[in-house]
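Okay, so here's the structure we're looking at.
The values are calculated or read from the model by the stated rules, or taken from the named source; none is laboratory data. Being a predicted model, the structure only gives us computed values, none of them experimental. When we count neighbours, we look across all protein chains shown, and the Cβ atoms used for this are built from the backbone with ideal geometry, even at glycine.
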Amino acid sequence: MSGFALRRVNHAFRGERVVPVLDDVSLDAAPGTFVSLVGPSGCGKSTLLRVLAGLLTPDGGEAEVGGQSTIGRPGLAAFMPQKDLLLPWRRALQNATLGAEIAGMKRPEARARALALFDQFGLTGFERAWPAQLSGGMRQRLALLRTFLTPADTLLLDEPFGALDAITRREMQAWLQEVWMGHQRTVLFVTHDVEEALLLSDRVAVMSPRPGRIATVVDAPFARPRLPSLVTEPAFVSRKAALLAALDDAMARPSLPPAPG
Amino acid sequence: MTGAGRGRTWRLAREYVPAALLLAGLVGCWELAVALFDTKPYILPAPSRIWDAFLEIRGTLPAHTRVTMTEAVLGLALAAVFGILLASVIASVPLVRRVLYPLLVVSQTIPMIALAPLLIVWFGFGMMPKVLVVEMVGFFPIVVSTVDGLTGADPDMIALVRSMGANRWQVLRQVRIPAAIPAFFAGLKIAAAYAVTAAVVGEWVGTSSSHGLGLLINRSRASFRTDELFVAIAVISLSSVLLFAAVHLLFRIAAPWAHVMTREDSK
Ligand SMILES: Nc1ncnc2c1ncn2[C@@H]1O[C@H](COP(=O)(O)OP(=O)(O)OP(=O)(O)O)[C@@H](O)[C@H]1O
Ligand SMILES: [Mg+2]
């Protein structure tokens, strides 16, 4: 079991002009905890995940997964990007096993494990379907299944339910909680939805607009399993208000103008 | 007949009947025009006369077609093999890309009809120069589209596979190569459409073989058998269409996923 840690991570994209994206971001998670990251669009959430996934070398700072630096070293965490990115040339079952196979798991074993999870992920009967034949919700669940099967203890989930309608989304939240309770892995979960973040997480980090900083971290010490009715309880409502206020506050502060150059 | 089968027949009919009707109409006009203006058969034979010529020489057509098709298929296979090889090098080594790409484009401006006699000087009147003509015609579209396919894979997909710890070879195997398959076949289809014609040009310039559609054209022309010439032309286009269809079938087998959407859309 492993957690993750980001220490004073800085990054700017350099194109025609310099766009500072991450400003001294520090955040960590103890092994087995569920941490959410909320923040306005474009504040650098996906960029942060790419740093932890080892896909982007930041200008400065440290990023670790399970005590190992991810700088220039992908493969330590299981990453679910914002788009589902299923490989169109692999059937559903083969997509599910991709991460496991690349990590070196023998194909029969990977298939057996995937098949065992197909029911839990609501995909039974679609093992041989091509991604193009799946609905939006099924595609997201399959991408999530692929992430779960990638043998890493830390999961980086970038808006896994972003493309879903409200009803499916609610179902998926309940279901993710259940799956996570069964697997107990460290999760970093990106979302725009404050309620979703509180409902699922142990801690919720709020990011400011670009360049993104961690503005506040709010605890969510509710007993699990959490029922949908939790969202109307006073303790939940007050924390939600605190989160929204922190978001508003972060938005209100003038963000840095882009550096000349 | 099942419901699905009937739906399929209806779809096929709807797709091809209008074209067939137009063709039949054109042939009818042609027949009428030839009768009306009393055109000399060696200038423009009537469709009925071409049909008679077909019946007359049909026994020899399979042998002619076999020779030309062999050249076309061999040339196409050669173009595919060399096309994939060169495309892989161009896609992975930027320097090679910068050096070879312009040369490749320039090579396409050389008219095949001028190159074919040269190939005969070098390789004789056998099958080799014909296969090479086909290969050189098909090479270009295959290389260009395969390079596009290999370099055009979704960068996010590559990032995803890299995040799983994939090495260069695994990225190639899992993403770049499958992503390039539809593009490769797009090039191969263009090459296939021209392959039979290219083989005919090769034969037409000179051949020691006793058969070939190019040879048939040459003979018919020399003996003013314009009706036979038309038969040869029809066989050539039919063979081209068949080769094209065969490549398309190969594509469906090699990349079934690429046809899932179209199957759904056409419903
Ligand atoms: N490869 C890149 N090159 C240049 N700029 C980039 C690149 N990737 C991201 N950016 C910029 O960095 C900023 C942060 O992008 P990022 O994708 O991390 O935002 P986000 O918080 O995930 O937003 P959203 O919630 O909309 O997904 C944006 O302004 C974006 O335009
Ligand atoms: Mg994002």
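For region B:238-263, filtering for residues that are touching a residue at least 40 places away in the same chain (Cβ under 8 Å), more than 14 Å from chain A (Cβ to nearest Cβ) and of a type in the set (Gly, Ala, Ser) leaves 3.
On the basis of being part of a helix (DSSP H, G or I) and out of contact with any Lys or Arg (no Cβ under 6 Å at 6 or more places or on another chain), does residue B:44 make the cut? Quick ask: steps written out before the conclusion?
Working: part of a helix (DSSP H, G or I): no; out of contact with any Lys or Arg (no Cβ under 6 Å at 6 or more places or on another chain): yes.
Judged against the criteria, residue B:44 is not a match.
Of all residues in region A:53-72, those that are in contact (Cβ under 8 Å) with a residue 60 or more places away in the chain have Cβ atoms under 8 Å from Cβ atoms of residues that are polar (S, T, N, Q), 6 or more apart or on another chain, in A:53/A:70; A:53/B:163; A:64/A:70; A:65/A:2; A:65/A:154; A:66/A:2; A:66/A:154; A:67/A:2. Does residue A:42 count as more than 22 Å from residue A:176 (Cα to Cα), within 16 Å of ligand 2 (Cβ to nearest atom) and in the same structural domain as residue A:204 (by TED's automatic domain parsing)? The answer is yes for residue A:42. What residue, among those in region B:141-166 that are more than 14 Å from chain A (Cβ to nearest Cβ) and surrounded by fewer than 19 Cβ atoms within 10 Å (Cβ to Cβ), is farthest from residue A:99 (Cα to Cα)? Checking each candidate, the answer is B:148. Of all residues in region A:70-89, one or more are under 19 Å from the mean Cα position of the chain (by Cα), more than 13 Å from chain B (Cβ to nearest Cβ), more than 16 Å from ligand 2 (Cβ to nearest atom) and within 20 Å of residue A:3 (Cβ to Cβ). Looking across region A:99-113, the residues that are in a helix (DSSP H, G or I) and either without any contact (Cβ under 8 Å) to a residue 24 or more places away in the chain or within 14 Å of chain B (Cβ to nearest Cβ) (or both) come down to A:99, A:100, A:101, A:102, A:107, A:108, A:109, A:110, A:111, A:112.
The single condition among (1) in contact with a Leu (Cβ under 7 Å, 6 or more places away or on another chain); (2) away from ligand 1 (no atom under 16 Å from the Cβ); (3) in a loop (DSSP other than H, G, I, E, B) that residue A:72 does not satisfy is (1).
For the criterion of being outside any helix (DSSP H, G or I) and away from chain A (no Cβ under 11 Å), residue B:207 passes. Please specify each residue of region A:114-137 satisfying the condition of being surrounded by 18 or more Cβ atoms within 10 Å (Cβ to Cβ) and either within 12 Å of chain B (Cβ to nearest Cβ) or among the basic types (Lys, Arg) (or both). Those that are surrounded by 18 or more Cβ atoms within 10 Å (Cβ to Cβ) and either within 12 Å of chain B (Cβ to nearest Cβ) or among the basic types (Lys, Arg) (or both): A:130, A:131, A:134. Does residue A:164 count as at pLDDT below 90, within 16 Å of ligand 2 (Cβ to nearest atom) and not charged (D, E, K, R)? Against the criterion (at pLDDT below 90, within 16 Å of ligand 2 (Cβ to nearest atom) and not charged (D, E, K, R)), residue A:164 qualifies.
Residue A:120 satisfies every condition listed in (1) of a type outside the set (Asp, Glu); (2) farther than 22 Å from residue B:258 by Cα; (3) away from ligand 1 (no atom under 16 Å from the Cβ); (4) not in a loop (DSSP other than H, G, I, E, B) except (4). Taking the criterion of being among the hydrophobic types (A, V, I, L, M, F, W, C) and either outside any strand (DSSP E or B) or at pLDDT below 95 (or both), the residues of region A:191-205 that qualify are A:194, A:197, A:198, A:199, A:200. If the condition is being loosely packed, with under 12 Cβ neighbours inside 10 Å and free of Cβ contacts under 8 Å to residues at least 60 places away in the same chain, then region B:34-59 contributes B:35, B:36, B:37, B:38, B:40, B:55, B:58, B:59. Taking the condition of being in a strand (DSSP E or B), farther than 15 Å from residue A:212 by Cβ and of a type in the set (Gly, Ala, Ser), how many residues in region A:1-51 meet it? Of the residues in region A:1-51, 2 are in a strand (DSSP E or B), farther than 15 Å from residue A:212 by Cβ and of a type in the set (Gly, Ala, Ser).
Residues are listed down the side, and each one gets a yes or a no for (1) more than 10 Å from ligand 1 (Cβ to nearest atom); (2) modelled with pLDDT of 95 or more; (3) not β-branched (Val, Ile, Thr):
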site: A:20; (1), (2), (3): no, no, yes
site: A:24; (1), (2), (3): yes, no, yes
site: A:28; (1), (2), (3): yes, no, yes
site: A:34; (1), (2), (3): yes, yes, yes
site: A:40; (1), (2), (3): no, no, yes
site: A:66; (1), (2), (3): yes, no, yes
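Does residue A:226 satisfy being assigned to a loop (DSSP other than H, G, I, E, B), of a type outside the set (Val, Ile, Thr) and closer than 21 Å to residue A:63 by Cα? Against the criterion (assigned to a loop (DSSP other than H, G, I, E, B), of a type outside the set (Val, Ile, Thr) and closer than 21 Å to residue A:63 by Cα), residue A:226 does not qualify.
Picking from A:29, A:63, which residue would you name as being surrounded by fewer than 23 Cβ atoms within 10 Å (Cβ to Cβ) and more than 13 Å from ligand 2 (Cβ to nearest atom)? Give the derivation first.
Working: A:63 fails: surrounded by fewer than 23 Cβ atoms within 10 Å (Cβ to Cβ).
Answer to the check: A:29.
How many residues does region B:110-131 contain that are of a type in the set (A, V, I, L, M) and not in a helix (DSSP H, G or I)? Write out each step before concluding.
Just the residues of region B:110-131 that are of a type in the set (A, V, I, L, M), to begin with: B:110, B:112-116, B:118-121, B:127-128, B:131.
After this cut, where a residue has to be not in a helix (DSSP H, G or I) as well, the list is B:110, B:127.
Summing the residues that are of a type in the set (A, V, I, L, M) and not in a helix (DSSP H, G or I) in region B:110-131 gives 2.
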